[in-house]
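Below is one structure; the comments refer to it alone.
The values are calculated or read from the model by the stated rules, or taken from the named source; none is laboratory data. From a predicted model like this one, the values you see are computed outputs, not experimental measurements. No Cβ is skipped: glycine too gets one built from the backbone with ideal geometry, and neighbour counts run over all protein chains shown. These accessible areas exclude ligands, DNA and RNA; they are computed on the full protein's heavy atoms, side chains included. Shrake-Rupley method; radii C 1.70, N 1.55, O 1.52, S 1.80 Å.
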Amino acid sequence: MLKKLLKHEWKETWRIPALACALMIILTLVSVICFTRMSPPANADELNAGAFVLMMFYVLTISCVSVVVSIYIAVRFYKNLYTDEGYLMHTLPVTPRQLLVSKLTVGSLWSFLVTVLTLWAVFLIMIFGLPVMVKDDLNLSFTLLVNYAKEYSHALFGMSLPVFTVFMFFYFLISAVSNVLIVYGAVSLGQMFSKHKVMASILCYIGVTIIIQTLTSLAMTPYLTKMVVTHVGNSTSLEIPEFMGAFMRNTFIFSLVACVLTGIGCYILSEYLMKKQLNLD
């Protein structure tokens with residue numbers, strides 16, 4: 001039955017996220033073409049206003065596209081399980097866990113895909129946009145950036161480039177799942193209110209996010225501060241602080257652990273509320 005739920009969920013949700021991804025790709029390619037037709041300013045202290053405005057507009061648009069996909073995932077979960085549609089969904093011969101897993105799988109997949117496309121877009125814009133924005137003889141290329149990353153990966157991130165690449169792949173994947181589960185947990189909490197469930201869900205999401213960020217910061221700050229104070233003043237040949245690699249590596253690890261714990265907690269909360277505290281009034 002889970003396979004049928006996954007197939008149904010995919011068929012019902014693919015249009016808007018796919019359109020958003022297509023829009024992101026088209027905007028990126030159009031922006032790249034525009035940047036290639038521009039020239040850097042004549043003086044070093046000047047800024048190419050056209051390139052700057054285009055980049056700001058592009059970044060704002062891409063951010064809006066990502067937000068739209070996240071909102072759509074949340075609305076889809078709410079409408080399908082906690083409105084009139086919920087009466088039908090919860091009478092199907094399936095468990096709340098199967099409903100939750102099917103929506104989580106599809107929603108996380110789209111969230112992860114949007115994240116990957118965003119990183120790809122930022123990478124391209126950085127290569128083609130920065131050299132024409134200022135007169136600084138920037139000669140950015142994919143090969144140059146990869147060689148730079150290989151050489152200074154340990155100093156910047158505390159790990160080799162291949163390890164960093166694999167780590168970030170799983171980091172963004174787990175983060176996508178965790179972010180979707182936070183949304184599901186907030187929506188599930190919001191449906192417990194008798195009135196204004198949408199507003200309650202939004203407030204729950206804001207509250208849960210603040211709590212998670214606060215706890216994560218409190219857990220990370222003492223250790224990372226001690227690391228910075230211990231190694232202050234020591235730098236590499238490129239004036240990169242000596243503690244930077246270990247600092248960034250431990251920051252990523254802390255964030256990954258926080259994503260895992262948050263995801264598990266929100267999953268347990270969502271499943272419990274769907275089983276024991278379901279409110280479709």
Cα lying deepest toward the dipole's positive end in region 1-138, options 124, 16, 87, charges on Cβ: 87
Two-decimal ratio, region 166-217, of alpha-carbon radius of gyration to 2.2 N^0.38 Å: 1.34
Principal-axis tilt of helix 15-36 within the chain, Cα atoms, nearest 10 degrees: 10 degrees
Student exercise, the chain dipole from Lys, Arg, Asp, Glu Cβ charges, in Debye to nearest 20: 1160 debye
Theoretical FRET efficiency, 1/(1+(r/R0)^6), r = Cβ-Cβ of residue 206 and residue 255, R0 30 Å, to 0.05: 0.90
Theoretical gain in end-to-end length, residue 168 to residue 39 [0.36 nm per residue, Cα-Cα removed]: 43.0 nm
Peptide ranges 261-267, 49-55 listed from the most packed, as the mean C-beta count within 10 angstrom indicates: 261-267, 49-55
Sulfur and carbon atoms: percent of accessible area, the chain [1.4 Å]: 71 percent
Long-range Cα-Cα pairs in region 1-138 (distance over 26 Å), rounded percent: 42 percent
Stretchable slack from residue 84 to residue 15, in nm (0.36 nm times residue separation minus alpha-carbon distance): 22.6 nm
Accessible solvent surface per residue of region 1-138, calculated while the other protein chains remain in place, 1.4 angstrom probe, Å²: 56 Å²
Convex hull volume per residue in cubic angstrom - Cα atoms of the chain: 158 Å³
